[in-house]
Amino acid sequence: MTKVMAQGVFDILHPGHIHYFKESKKKGDKLIVVIARDSRVKEKKSLYFDEEERRQMVEALKPVDKAILGSKGDIYSTVKEINPDVITLGYDQKHEEQKVKEMAEKATGHKVKVKRISGLKNYSSSNIRKSSQ
């Protein structure tokens, strides 16, 4: 079974997130989504939903097999816990693919593929927030 790990804040769910989950699910058999902890989100003041509400919403989506809260410490422990074969990155996530790959392989002790998922135009939580103000 190929495990895929996706991660993000997912405060305002929109079609871009659904696209990310569907495309991530295509990369393996089981999709596990890691929800960023409130304490690790830089824009905490702008969160509409707390971490558990966001986890529940994401887990309810069809492509997602399981949603968990990320580590309060470092991402290494979460990657080690999930032990993914594939990590997907959203088009707007600032992580460098090679660095994620090296970190994941160090944490898991095996080869991990890192795939960037293309985005849908016009969908961004930041833009949605700006337009609602």
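The values are calculated or read from the model by the stated rules, or taken from the named source; none is laboratory data. Worth saying up front: this structure is predicted, and the values here are computed from it rather than measured. Here Cβ is always computed from backbone atoms with ideal geometry, including for glycine, and neighbour counts include all displayed protein chains.
Observations
- Remark: pairs (first residue in the range 76-94, closer than 17 Å to Lys22 by Cβ and touching a residue at least 24 places away in the same chain (Cβ under 8 Å); second residue of a type in the set (S, T, N, Q) and buried (at least 20 other Cβ atoms within 10 Å of the Cβ); Cβ separation under 6 Å; 6+ apart in sequence or on different chains) = Thr88/Ser24.
- Taking the criterion of being in contact with a helix residue (DSSP H, G or I) (Cβ under 7 Å, 6 or more places away or on another chain) and either surrounded by fewer than 17 Cβ atoms within 10 Å (Cβ to Cβ) or closer than 16 Å to Phe21 by Cβ (or both), no residue of the range 95-104 qualifies.
- Cβ pairs under 7 Å, 6+ apart, first in the range 104-119 and free of Cβ contacts under 8 Å to residues at least 12 places away in the same chain, second in a loop (DSSP other than H, G, I, E, B) and surrounded by fewer than 15 Cβ atoms within 10 Å (Cβ to Cβ): Glu105/Lys111
- The set of residues in the range 1-51 that are out of contact with any Leu (no Cβ under 7 Å at 6 or more places or on another chain), closer than 15 Å to Gln93 by Cα, in contact (Cβ under 8 Å) with a residue 12 or more places away in the chain and not in a helix (DSSP H, G or I) comprises Met5, Gln7, Gly8, Val9, Phe10, Val33, Val34, Ala36.
- Residue match in the range 52-59 (condition: surrounded by fewer than 21 Cβ atoms within 10 Å (Cβ to Cβ), in contact (Cβ under 8 Å) with a residue 24 or more places away in the chain and part of a loop (DSSP other than H, G, I, E, B)): no
- Residues that are assigned to a loop (DSSP other than H, G, I, E, B), at pLDDT 95 or above and more than 14 Å from Gly8 (Cα to Cα), drawn from the range 60-81: Ala60, Leu61, Lys62, Pro63, Asp65
- Screening Pro84 with (1) outside any helix (DSSP H, G or I); (2) under 11 Å from the mean Cα position of the chain (by Cα) gives one miss only, at (2).
- Residue in the range 104-123 that is assigned to a helix (DSSP H, G or I), under 15 Å from the mean Cα position of the chain (by Cα) and modelled with pLDDT of 95 or more present: yes
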